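One structure below.
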Amino acid sequence: MKPQQKVSVCCCLGLLVVALAAALKEKEKEQVLWSKSWLDLADKDAADSASSALPTQTQTQPPLNLMVPLTLIDSAASKGAVCLDGTLPGYHLHPGYGSGANSWLIQLEGGGWCNSIRNCVYRKTTRRGSSKFMEKQLPFTGILSNKAEENPDFFNWNRVKLRYCDGASFSGDSQDEAAQLHFRGQRIWLAAMEELMSKGMQKADQALLSGCSAGGLASILHCDEFQDLFPETTRVKCLSDAGMFLDAIDVSGGHTLKNLYAGVVSLQEVEKNLPKTCIDHLDPTSCFFPQNLVANVKTPMFLLNAAYDAWQVQASLAPPSADPRGLWGACKSNHALCNSSQIQFFQDFRNQMLNAVRDFSVSTKNGLFINSCFAHCQSERQDTWFADDSPVLGNRAIALSVGDWYFDRLPVKAIDCAYPCDNTCHNLMFNEDLSSSSMTYSQSTRLSFTVLNLLSALMVPIICSRCIMRFHSVK
């Protein structure tokens, strides 16, 4: 081989190192750590920051919302009822008054799950795993609003938001000493209920347990326990908003959500707190899915869900792990960009959801509001709960439908026609660009990037300089 050819080969090898590092980095982008992305997609804040496809919405400054301070549960530590990092759990309470003085609404916060030591360790550095990082006050909007014009039936109730910091829908009970992780969701639930009973909830003549997303699943899991806190004379019901997570097949033919749930149930020892009516005939992971629970809940329950739940579309049906080529990127970010086969995939998902609630809907005590929207958590957002242009079914907004059901004014079994028939939806759209999304990389992934970049930065000059020196010596 001629000297000039050797120089070319050496330089090409150096460039190959750079290309390899870049290619591996791009590949790792598809294998993001779900602990944060799933958490943020399930967040109300993430939903609020997503744009809503509503040309009628104005850009005027909204009125200031009621801000409610955080209260930590001091008695929780002695019961071992602590967040993932061992800090105290907390809640936000705004007292009721007038006709609502003895009525209580408990809203269980959502925010995904953690299913491995690695992402639970990450989670405990966020507000979803530690009260150290929780907001000191939160706005109360939607079902928590204190304004009659925004929340006609529950505005003057005692309204509570219970913060979520365990990663298993308030259902785990174990620990990992080596990783300093406390999986105490069930104990947090019990400690919070004891605290609220001492604050006056034991005198309630009306009570509603609600929850959004992972909190919506928790409201299903704990509904009958909530009922048992009160005498038979108390009207007790439950509302699950965006909590109907389905064991659905993803776009690759796999079961992304079932795999996640299997990790949650095993790691946090959730089985001991799952309903016996389910555990007696199904495996523990299946019993973490609402489709296998709702028909056996004895307490009256209302299911509020988007038929094309935006979180499930993003994180369960078409996550990056099931779509490595990114063929679903545009579609899952904006449903208007879906092709006919992708829309049919979503229609099949809607049919599965309707099948999952068929037995539940037979009971006269239960209620339903399933609209054909690409949305998530519609009770906490003011624009979807009760506003001039909020979603409706049968000319009734969500807030009025829930109120009609709770107070037995009217039966509510509202199921929308299939997409795209509903023009009242507040559909969520997400940024398709992975680099600007909420997803993050694991520590090991970041380390691999650092090593690769360092190698490429060091090796290319060394290789090329040696080649250049050799070239000049040859000359």
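The values are calculated or read from the model by the stated rules, or taken from the named source; none is laboratory data. Just so we're clear, the structure is a prediction, and the values are computed from it rather than from any experiment. When we count neighbours, we look across all protein chains shown, and the Cβ atoms used for this are built from the backbone with ideal geometry, even at glycine. These area figures cover heavy atoms from the full protein model, side chains too; ligands, DNA and RNA do not enter into them. Shrake-Rupley method; radii C 1.70, N 1.55, O 1.52, S 1.80 Å.
Relative contact order, whole percent, for the stretch 109-174 stands at 37, derived from Cα pairs under 8 Å and 6 or more residues apart. Sorting Lys79, Lys199, Lys332 by solvent-accessible area of protein heavy atoms yields Lys199, Lys79, Lys332, largest first, with a 1.4 Å probe. Applying the Karplus relation 6.51 cos²θ - 1.76 cosθ + 1.60 with θ = phi - 60° to the stretch 70-76 yields 3J(HN,Hα) values of 7, 10, 8, 8, 4, 7, 5 Hz, where x marks Gly and Pro. Considering only alpha-carbon pairs that sit under 8 angstrom and 6 or more positions apart, the relative contact order computed for the stretch 62-184 is 36 percent.
Across the stretch 237-293, Cα-Cα distances exceeding 18 Å account for 38% of all pairs.
Packing order of peptides 140-149, 222-231, highest average first: 140-149, 222-231 (average count of other Cβ atoms within 10 Å over each peptide's residues).
Can you tell me the FRET efficiency between Leu327 and Arg235 if r is taken as the Cβ-Cβ distance and R0 is 45 Å, rounded to the nearest 0.05? Provide the component values of the computation, followed by the final result.
Working: r = 49 Å, r/R0 = 1.10.
Efficiency for this residue pair is about 0.35.
Divided by 2.2 N^0.38 Å, where N counts the residues, the Cα radius of gyration of the stretch 156-257 comes to 1.26.
Rolling a 1.4 Å probe across all protein chains gives Tyr419 an accessible area of roughly 60 Å².
Centroid-to-centroid, using Cα positions, the stretch 370-415 and the stretch 71-87 are 35 Å apart.
Each residue was assigned an accessible area with a 1.4 Å probe, and for Thr233 the value is about 130 Å². Straightening the chain between Lys272 and Thr364 buys 30.1 nm, computed as 0.36 nm per residue apart minus the Cα-Cα spacing. The alpha carbon convex hull volume per residue for the stretch 184-223 rounds to 65 Å³.
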